[in-house]
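Report on one structure; see the data block that follows.
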Amino acid sequence: MHDLTALRHLRDRRARRERRRQADRRFGARLLAAAGVAAAAAVAFGLLLTLVEGQWRPLSRLDSSAAQDLHQYALRHRAWTAVLHLLSDRIWDPVTLRAAVALLVVWLLYRRAWRLAAWATVTAVAGGLVGLLVKSVVGRARPVLQDPVAHAPGYSFPSGHAMTATTSFAVFMLVLAPLLPRAWRVAGWCVAVLCVLGTGFTRVALGVHWFSDVLGGWLLGLAVVALTAWAFEAWRADAGRSRTPVSDGLEPELTEATPEPRPRTR
């Protein structure tokens, strides 16, 4: 009887060890995928920046035709233009989105999710600072259109609206996904993607950005989110927490009374 019990314990230990190995392999694959996404976004952004700086003709024609066609439509449909202003200058404005992220951080601090609050803060701040730095280095002028329907200060590439929308809506979904019913998470991600795409569209349609500015903002924002999310996942591994799908958010334990891992007792 004792031998059977010992054999059962040995099998259980081997099974747990194998599950940990499989979890480690899956986690490593996810970390590699996150790093790959960040690298691909960075490479794509670098290529786009090279084409912009070199005034590549196909891209310049695309920028020009998109700006002119949408501008003419905006001049003919003033009500539609007013809706674009509302979306771009109020709802999807960087100040509005950053304020929403700040409120989310305050709530995370209240929930004692210290590291998740730090991740959200770093992602939002890093996105804003990187965008400003690249704008200053590139120094690209904004579109100059006859009878403009909107004005914006500063340089053009990359679009701050597009980049802020990318980082902000990624923060919202990666933080709040665990609180949504599983059936609603896909809908939430779809809404977030539509908001990011819509933000970029409003900036081109209002004539204050080239299409390539918006594309650059999306790519750079994606790179920032991928890198910070990779760092957070590395912390989870160090803390002994299991791998989680992106659709479940960065910290599924947010639904628990104490999201932070408890100190290990010896």
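The values are calculated or read from the model by the stated rules, or taken from the named source; none is laboratory data. These figures come from a predicted structure and were not determined experimentally. When we count neighbours, we look across all protein chains shown, and the Cβ atoms used for this are built from the backbone with ideal geometry, even at glycine. For the accessible areas, the whole protein counts, side chains as well, though only heavy atoms, and no ligand, DNA or RNA atoms are used. Shrake-Rupley method; radii C 1.70, N 1.55, O 1.52, S 1.80 Å.
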Counted residues in the stretch 108-121 being in contact (Cβ under 8 Å) with a residue 40 or more places away in the chain, part of a helix (DSSP H, G or I) and open to solvent by 80 Å² or more (accessible area, probe 1.4 Å) come to 2
Given the conditions (1) surrounded by fewer than 22 Cβ atoms within 10 Å (Cβ to Cβ); (2) modelled with pLDDT of 85 or more, every one holds for L219 apart from (1)
Checked V83, V105, V95 against criteria (open to solvent by less than 50 Å² (accessible area, probe 1.4 Å) and of a type outside the set (S, T, Y)); the one match is V105
Of those in the stretch 230-263 that are of a type in the set (D, E, K, R) and open to solvent by 60 Å² or more (accessible area, probe 1.4 Å), the residue modelled with the lowest pLDDT is R262
Review point. Does F201 satisfy the condition of being open to solvent by 10 Å² or more (accessible area, probe 1.4 Å), aromatic (F, W, Y), part of a helix (DSSP H, G or I) and touching a helix residue (DSSP H, G or I) at 6+ places or on another chain (Cβ under 7 Å)?
Key: no
Of those in the stretch 185-198 that are of a type in the set (V, I, T) and under 12 Å from the mean Cα position of the chain (by Cα), the residue surrounded by the fewest Cβ atoms within 10 Å (Cβ to Cβ) is V193
Scanning the stretch 151-184 residue by residue, those touching a residue at least 24 places away in the same chain (Cβ under 8 Å), open to solvent by 30 Å² or more (accessible area, probe 1.4 Å) and farther than 21 Å from H85 by Cβ turn out to be F172, L176, L179
Margin query: Could you go through the stretch 201-215 and let me know if any residue there is hydrophobic (A, V, I, L, M, F, W, C) and free of Cβ contacts under 8 Å to residues at least 24 places away in the same chain.
Written below: yes
